[in-house]
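In what follows, a structure is listed as structure tokens, so that the remarks can point back to it.
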Amino acid sequence: MRAFIASSIGVTCAAALVLPLAAPAGAAPDTPAHSAAMGPAPAEASEPAPLSGSTQSLALTSLPAASARATGQPIAVAAGQGLTERDVRAFSMVGVVWDDVSAELHGTAQVRTRATGTHRWSGWQDLETHNAEHSADPGTAERDSGAARGSTAPLWVGDSDGVEVRVNPEAPDARGGSAPSVPLPGGLRLELVDPGKDPRQVPATGVAGADRTAGITALPALSRLATDAAAGYVPGAAPLIGPRPRIITRQGWGADEKLRERAFTYTKSVKAAFIHHSATGNNYACSQAPAVLRGIYRYHVRSSGWRDIGYNFAVDKCGNIYEGRAGGVTKAVMGAHTLGFNTNTMGIAVLGTFSDANPPAAAVNAVAKLTAWKLGLYGANPKGRVTLVSGGSNKYKEGKKVELNVISGHRDGFATECPGARLYKKLGTARTSSARLQGR
């Protein structure tokens, strides 16, 4: 299967199909995410605010300890942490991080924000405390780099210049009667992300390489015949594959290539797709989706300490498809999306939160189109089953062989709510549509 991908480099349209992004000329100039190995974090740190975006990192402080009653007896509750209302530099995305990438936040994290230039404060909004479920696999260089940190999901709040946060441990009665609450992880910090300017408003810089992407902001949709030709298939001998959908490239959504690591990591195949929701909320316009992606990218790299954005692809609620982690849209790029199952799979995040809200039909259709094409490149049947080997998760121990749907939800490989109950219910529709697009 790898042979046809390699052979496509020499055919017409191959550069537009393969597009493995080249490494940037130099490493990122600013400091990587703080880790316990690097010593105590400063009380407050921030980067300058260039056109490409910035991150403000604020250390949380202790809140007064409370008392809870269970079975009629007073029980100590571990102190929470937070920040009171304060003015900050403009930001649009917020999350909470902590030092130990393996530590869980057993409790709640909530924020409220003030719209820029106004006195309007939002209500309290929950951050999804999902640390372990989205991450690089145990034992990988990305996971064990020393820069990786525990983190909540980031939340898109729109243009804001004021913030308040409170993080509280799980109440004792939620842990079974008189059991004490679990202390919060160490090194809690609030991350305020400015995703930077829309790339259409600033001069394009491009990235040099053997397969150049400078100036290519989107790969156009191709017919089935054009898809076969671009992939180098011999007429009549092509496997079942859906036509390539339009894909907005990293340059198209304004990825700053200086942020990520230079190297790429590949696996042998793409046997399955895990579907996620980004848990960043639904309060974005589709015109803002590139900014949401830039925010997630910066949060994953600068705040969580990953090598690049975790997802291989993203889909917005209008059905636009975006290239995620760099390395080539046709290639088996290893992501950091489904702990224990990042090998030989791809992760697709639908931008939004779909626990209680229905995903738009356009987004579900886009998932079907993308999987019909990408899984088809590797001979996978979207309605089929596949056996994967777990790298270790809270649902399957390391080394266990697990039979899963070729198009699975995140919760199939990890005990989590992701991709949200409403989106998960639509995966059957996506499988059927994807298979039909492949001609099955």
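The values are calculated or read from the model by the stated rules, or taken from the named source; none is laboratory data. Here the structure is a predicted model, which means the values were calculated and not measured. All Cβ positions, glycine included, derive from the backbone under ideal geometry; neighbour counts span all protein chains shown. These accessible areas exclude ligands, DNA and RNA; they are computed on the full protein's heavy atoms, side chains included. Shrake-Rupley method; radii C 1.70, N 1.55, O 1.52, S 1.80 Å.
A single entry from ARG307, ARG302, ARG325, ARG294 fulfils the requirement of being surrounded by 22 or more Cβ atoms within 10 Å (Cβ to Cβ) and free of Cβ contacts under 8 Å to residues at least 24 places away in the same chain: ARG325. Within the stretch 289-302, is even one residue in the same structural domain as PRO419 (by the TED database), of a type outside the set (S, T, N, Q) and part of a loop (DSSP other than H, G, I, E, B)? The answer is no; no qualifying residue exists.
Does any residue of the stretch 73-82 turn out to be loosely packed, with under 14 Cβ neighbours inside 10 Å and either of a type in the set (Ser, Thr, Tyr) or modelled with pLDDT of 95 or more (or both)? Talk me through it step by step, then tell me what you get.
Taking the stretch 73-82 and keeping what is loosely packed, with under 14 Cβ neighbours inside 10 Å, we get 73-74, 76.
Subsequent filtering for residues that are either of a type in the set (Ser, Thr, Tyr) or modelled with pLDDT of 95 or more (or both) retains none.
No, the stretch 73-82 contains no residue that is loosely packed, with under 14 Cβ neighbours inside 10 Å and either of a type in the set (Ser, Thr, Tyr) or modelled with pLDDT of 95 or more (or both).
For the stretch 213-258, a residue qualifies if it is more than 26 Å from GLY319 (Cα to Cα), modelled with pLDDT under 90 and open to solvent by 70 Å² or more (accessible area, probe 1.4 Å), and the qualifying residues are VAL234, PRO235, GLY236, ALA237. Please count how many residues of the stretch 169-195 are in a strand (DSSP E or B) and at pLDDT below 95. Total satisfying the criteria: 1.
Condition test on GLY232, is it in contact (Cβ under 8 Å) with a residue 60 or more places away in the chain and over 21 Å from the mean Cα position of the chain (by Cα)?
Values: in contact (Cβ under 8 Å) with a residue 60 or more places away in the chain: yes; over 21 Å from the mean Cα position of the chain (by Cα): yes.
Considered against the rule, which asks whether it is in contact (Cβ under 8 Å) with a residue 60 or more places away in the chain and over 21 Å from the mean Cα position of the chain (by Cα), GLY232 comes out as yes.
Return yes or no: is TYR266 in contact with a strand residue (DSSP E or B) (Cβ under 9 Å, 6 or more places away or on another chain), farther than 28 Å from ALA380 by Cα, in contact (Cβ under 8 Å) with a residue 24 or more places away in the chain and not hydrophobic (A, V, I, L, M, F, W, C)? Against the criterion (in contact with a strand residue (DSSP E or B) (Cβ under 9 Å, 6 or more places away or on another chain), farther than 28 Å from ALA380 by Cα, in contact (Cβ under 8 Å) with a residue 24 or more places away in the chain and not hydrophobic (A, V, I, L, M, F, W, C)), TYR266 does not qualify.
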